[in-house]
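The values are calculated or read from the model by the stated rules, or taken from the named source; none is laboratory data. All figures in this text were calculated on a predicted structure; none of them were measured in a lab. All Cβ positions, even for glycine, are placed from backbone atoms using ideal geometry, and neighbour counts span all protein chains on display.
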């Protein structure tokens, strides 16, 4: 009886990284904002690098509320999409090369997105993590928190509701 050899860890990491990169690049507004994602296993942290163009109130030197909201929404959509793709990426059913070629899966569509601005965003890098409260075949609910220097002190948070993409294409 012949046993199949498991894939090398490096091959699996490359497949995950290629899939995530393609997914993020498939959301053009994330590039505009300069949002990147740091992946540790299945956990994603969104990073919005500071840029002067993100300042909304020059007198306070505070991040623009629209940039903050968009950062949270992009974090929620990518986090939700990543959780949907994770199993397919792990078993090799999803071809990361297809993602790189632009054959992206349909993304969840936002139904509602409520942002709570807890304090002014400072002129520095911001981080966010999405937590999926519920994800079904038709609907998902996601909570996102954004912080800068101290994760225990978020400057904004949001709750989003999404219509899930259908599996039929």
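If the condition is being touching a residue at least 12 places away in the same chain (Cβ under 8 Å) and out of contact with any strand residue (DSSP E or B) (no Cβ under 8 Å at 6 or more places or on another chain), then region 40-50 contributes only 42.
Taken as a whole, the condition of being in contact with a strand residue (DSSP E or B) (Cβ under 8 Å, 6 or more places away or on another chain) and at pLDDT below 95 applies to residue 54. Of all the residues in region 20-43, those that are outside any helix (DSSP H, G or I), under 12 Å from the mean Cα position of the chain (by Cα) and at pLDDT 85 or above number 6.
Only one of the listed residues (84, 80, 99, 94) is touching a strand residue (DSSP E or B) at 6+ places or on another chain (Cβ under 7 Å), within 30 Å of residue 8 (Cα to Cα) and either buried (at least 16 other Cβ atoms within 10 Å of the Cβ) or modelled with pLDDT under 95 (or both). That residue is 80.
Of all the criteria given as (1) within 21 Å of residue 38 (Cα to Cα); (2) touching a residue at least 24 places away in the same chain (Cβ under 8 Å), the one not satisfied by residue 145 is (2). Within region 117-155, being assigned to a strand (DSSP E or B) and more than 27 Å from residue 61 (Cα to Cα) holds for 131, 132, 133, 134, 135, 139, 140, 141, 142. May I ask you to say which residue of 53, 61 is more than 12 Å from the chain's Cα centre (by Cα) and free of Cβ contacts under 8 Å to residues at least 12 places away in the same chain? Going through 53, 61 in turn, just one is more than 12 Å from the chain's Cα centre (by Cα) and free of Cβ contacts under 8 Å to residues at least 12 places away in the same chain: 53. Among the residues of region 106-116, those identified as assigned to a strand (DSSP E or B) and either touching a residue at least 60 places away in the same chain (Cβ under 8 Å) or within 22 Å of residue 34 (Cβ to Cβ) (or both) are 110, 113, 115.
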